[in-house]
1. Provide the per-residue ³J(HN,Hα) series for segment 3-10, in order, calculated from phi with Karplus coefficients 6.51, -1.76, 1.60 and θ = phi - 60°, each as a whole number of Hz, with x at glycine and proline positions.
2. Once the piece of chain linking SER69 and ALA56 is laid out straight, how much longer is it, given 0.36 nm per residue of separation minus the C-alpha distance between them?
3. Can you work out the FRET efficiency for the pair LYS2 and LEU27, with r the C-beta to C-beta distance and R0 = 35 Å, to the nearest 0.05?
4. Given a 1.4 angstrom probe, I'd like the percentage of the accessible area of the chain that is carbon and sulfur, rounded to a whole number.
5. Quick one: accessible area per residue over the chain, 1.4 Å probe, rounded to a whole number of Å²?
6. Around ALA7, under 12 Å between beta carbons, what's the net of Lys plus Arg minus Asp minus Glu among the other residues?
7. Going by average Cβ density within 10 Å per residue, which order do the peptides 41-53, 65-77 take, highest to lowest?
8. So what's the back-of-envelope 222 nm ellipticity for the chain, counting only DSSP H runs of four-plus at -39500 (n - 2.57) apiece and dividing by all residues, rounded to 500?
Amino acid sequence: MKTKLWAIGLMIFTTLLTSSAQIFYKLGAATLELNLLALITNYNLIIGLCIYAVGAVLMIIAFKGGELSVLYPIIATSYIW
């Protein structure tokens, strides 16, 4: 099966999303407290988690459009972002 160009573009967009989510995780971890209410109201962590979830769904969609051996190495570009 040939990898489609939209799948490659979607995988690159996914790496941008996951890199953004890591920034939100870092910001949320800086203000992290050890009680449940503070954890629930830590919006940076919640935003990071939501962005990771969207990225995971888009990654699954991209895998449907191409080969794993072509698309999965693109994830390494997240270190560049």
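The values are calculated or read from the model by the stated rules, or taken from the named source; none is laboratory data. Note that the coordinates shown come from a computational prediction; the quantities given were computed from them, not determined experimentally. Because the Cβ atoms are built from the backbone with ideal geometry, glycine has one as well, and the counts that use them run over all protein chains shown. These area figures cover heavy atoms from the full protein model, side chains too; ligands, DNA and RNA do not enter into them. Shrake-Rupley method; radii C 1.70, N 1.55, O 1.52, S 1.80 Å.
1. Working through the residues one at a time gives 6, 7, 5, 5, 5, 5, x, 5 Hz.
2. Result for the pair: 2.9 nm of gain on full extension.
3. Step by step, r from the Cβ atoms, then E = 0.30.
4. 76
5. Accessible surface, normalised per residue, equals 69 Å².
6. +2
7. Listed from highest to lowest mean packing, they are 41-53, 65-77.
8. Dividing the helical sum by the residues of the chain leaves -23000 deg cm²/dmol.
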